[in-house]
Amino acid sequence: MKTINWKNAILAGFLGTILFDLFGLLLTGTWWDIPSVLGAKTGLGLTYGVAGHYGNGILLAILFAGIAPSLWGPKWFRAVLFVVAETIALVWLFMLPLLGAGVAGIDMSPMTPIITLVRHLAYAIPLIFLIQYDFKTLIAK
């Protein structure tokens, strides 16, 4: 039975969140927009927002490491499938409506769905390279 490589999963989540933030800066001109919103909405400030944002990125990578062997397709596609499903279910249909931005954030801007998806696809890059599982072992079972 395979177990999660915790070091790689944590590192992938951290690096993925940095890429997510860098792409956010490139696309929106704003650094740490998500941590700022988290800190403001909770009333706990930017430090909490950054910790929550990066903690969430790490937890999502750990979740991916656990379910990646059960997903379909080549390794790169599994990471893309995961982040697209996560973006639709957790961001477009839950977080953005909860923040008053409408489904997929369309009430904020018609570009919000595209920007959120591109940022999450950037997050997937370290998942592709750092989350390891052996296809041969999985197929043999």
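Close lysine pairs were tallied over the chain: pairs 8 or more places apart or on different chains with Cα atoms under 27 Å apart number 8. Between Leu15, Leu98, Leu127, the residue with the greatest mean-square fluctuation in the GNM of the chain (Cα pairs under 10 Å linked by springs) is Leu98.
Here the range 6-140 is assigned +1 on the Cβ of each Lys and Arg and -1 on the Cβ of each Asp and Glu. Its dipole about the Cα centre then comes out at about 300 debye. When a/c is below 1.5 the answer is rounded, else prolate if a/b is larger than b/c, else oblate, so apply that to the range 1-73 with a ≥ b ≥ c taken from the square roots of the Cα gyration tensor eigenvalues. It comes out prolate by the Cα gyration axes. Cβ-Cβ distance of Leu71 and Ile114, R₀ of 30 Å, FRET efficiency by 1/(1 + (r/R0)^6): the value works out to about 0.80.
Every read-out reported here was derived from the displayed coordinates using simple, explicitly stated rules and does not represent laboratory data. All of these numbers come straight from a predicted model, not from anything done at the bench. Heads up, the Cβs are rebuilt from the backbone with ideal geometry, glycines too, and the neighbour counts pull from every protein chain shown.
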